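Working notes, beginning with the structure itself.
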Amino acid sequence: MVSGKMAAPMAAGAGAAPLLRVVAECGWSRARASELRLPHGPVACPVFMPVGTRGTAKGITAAQLAALGCRICLGNTYHLGTRPGPELVQRAGGLHGFMDWPHNLLTDSGGFQMVSLSELSEVTEEGVLFHSPYGGGQILLTPEKSIEIQNALGADIVMQLDDVVSSTTTGPRVEEAMRRSVRWLDRCIAANRSPQRQNLFAIIQGGLDPELREQCLEAMMLRDVPGFAIGGLSGGEDKGSFWRMVKLSTERLPRDKPRYLMGVGYATDLVVCVALGCDMFDCVFPTRTARFGSALVPGGSLQLKHQGYARDFRPIEEGCGCPTCQRYSRAYLHALLRTEPAALHHLTVHNIAYQLNLMASIRQSILEQRFPQFVRRFLSSRYGARIPLWVREALEAAGISLD
């Protein structure tokens, strides 16, 4: 049972239309095809959301993202809240107008920066005190301030401020963070000025402790929120613990609300976690790996700086319809990589297209009731007969046998 310290639930917009419409469910696993009904248009799920930290995904324009079929991407509350600031963005018509993005936006709460900027932050019950990385003073990010910034940015989905600790953290700090996240959720719900238009998601915490995760789930599901995120994972923990915490969460979360697994973007992780019941994902991986000269392909990745590609006139991926693969060869990209930033742009376009195409293929296989076959073909292409044990175990637990 949840401790009496947990605050009483508060409403987050009773009477609002359901955010999620389930279209089809896999007959073997927990995978499902669904649709998010958001203010800036429907979003087909499962969905991968590119990360646009400061109002743009690095290395690609908003127009190019839209042309690839992206219908939702992310903005970062902490960074946009410090530079250029929410007042300026609001004057431009919110983040949609500021970045010229006609589709949906999700803004994170700033909580992740407690980990990524841990040396610059101090956490108390009031909020998180950041020592500005830009110099000149301190920034106190409270649950109320996080929601105030996100209201000004105007995102279609906003995230609660949660108390985030590294996924490898153990001991009493994990429980403290989980319980504080529940208390902060209530403060975020109370602070949201536009609950009918900006959908507030709760974030499940609890580290790698099943009991703490269950307590957090129990408490947060009492709150009337439009959706749930699974947080505090994909930060260096072992894969066995990772998938078990995902499974524990998706088995308990309500069927009629979206399930967002935060910070996950490796292709294998996406396939496995769709099988476990997740609908939404985000990660900087496809854009960041492009900046290192790495192109995503069904077999894993191509390190195009390697000399072996100097005379390879094939596209990055045969059959890929992205502008990079339609126009440029591996040899051309190899020639540019060491000196021309344009090469990184071309790789970024392809990598985002790869992620979006992967999710579209997953969704179609669910609609056609052939998701297990898709999973087997995907893993065969990527690993041959050497499929990692954690993948086998996770998929077996989800109902998909690889034998």
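The number of residues in the stretch 137-179 being open to solvent by less than 20 Å² (accessible area, probe 1.4 Å), over 16 Å from Asp108 (Cβ atoms) and not in a loop (DSSP other than H, G, I, E, B) comes to 3. Taking the criterion of being under 31 Å from the mean Cα position of the chain (by Cα), touching a residue at least 12 places away in the same chain (Cβ under 8 Å), under 23 Å from Gln64 (Cβ atoms) and outside any helix (DSSP H, G or I), the residues of the stretch 309-342 that qualify are Pro315, Ile316, Glu317, Cys320, Gly321, Cys322, Tyr328, Ser329.
Take the stretch 269-292 and flag every residue that is among the charged types (D, E, K, R) and crowded, with 22+ Cβ neighbours inside 10 Å. If the condition is that a residue be among the charged types (D, E, K, R) and crowded, with 22+ Cβ neighbours inside 10 Å, then Asp269, Asp279, Asp282 are the ones that fit. Within the stretch 89-108, residues that are farther than 16 Å from Asn76 by Cα and open to solvent by 30 Å² or more (accessible area, probe 1.4 Å) sit with their Cβ atoms under 9 Å from residues that are part of a helix (DSSP H, G or I) and among the aromatic types (Phe, Trp, Tyr), at 6+ positions apart or across chains, in these pairs: Arg91/Phe98; Ala92/Phe98.
Look at the stretch 202-255 and say how many of its residues are aromatic (Phe, Trp, Tyr), part of a helix (DSSP H, G or I) and more than 16 Å from Ser166 (Cα to Cα). Here the count works out to 1.
Filtering the stretch 17-46 to residues that are aliphatic (A, V, I, L, M) and either modelled with pLDDT of 95 or more or closer than 27 Å to Arg179 by Cα (or both) leaves Leu19, Leu20, Val22, Val23, Ala24, Ala31, Ala33, Leu36, Leu38, Val43, Ala44.
Quick grid of which residues meet (1) within 17 Å of the chain's Cα centre (by Cα); (2) among the hydrophobic types (A, V, I, L, M, F, W, C); (3) over 29 Å from Trp390 (Cβ atoms):
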{"residue": "Gly137", "(1), (2), (3)": "no, no, yes"}
{"residue": "Thr142", "(1), (2), (3)": "no, no, yes"}
{"residue": "Glu148", "(1), (2), (3)": "no, no, yes"}
{"residue": "Leu153", "(1), (2), (3)": "no, yes, yes"}
{"residue": "Glu175", "(1), (2), (3)": "no, no, no"}
{"residue": "Asn192", "(1), (2), (3)": "no, no, yes"}
{"residue": "Ala202", "(1), (2), (3)": "yes, yes, no"}
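Remark: pairs (first residue in the stretch 274-293, under 15 Å from Leu36 (Cα atoms) and part of a strand (DSSP E or B); second residue β-branched (Val, Ile, Thr) and open to solvent by 10 Å² or more (accessible area, probe 1.4 Å); Cβ separation under 7 Å; 6+ apart in sequence or on different chains) = Met280/Val47. If you check Gly231, Gly206, Gly240, Gly236 for being on the phi > 0 side of the Ramachandran plot and either over 19 Å from the mean Cα position of the chain (by Cα) or open to solvent by less than 10 Å² (accessible area, probe 1.4 Å) (or both), only one passes: Gly206.
The values are calculated or read from the model by the stated rules, or taken from the named source; none is laboratory data. What you are looking at is a predicted structure, and each value in this text was computed from that prediction instead of being measured. A quick note on method: Cβ atoms are made from the backbone with ideal geometry, for glycine too, and the neighbour counts reach across all protein chains shown. To get the accessible areas, we keep the full protein, side chains included, count just its heavy atoms, and leave off ligands, DNA and RNA. Shrake-Rupley method; radii C 1.70, N 1.55, O 1.52, S 1.80 Å.
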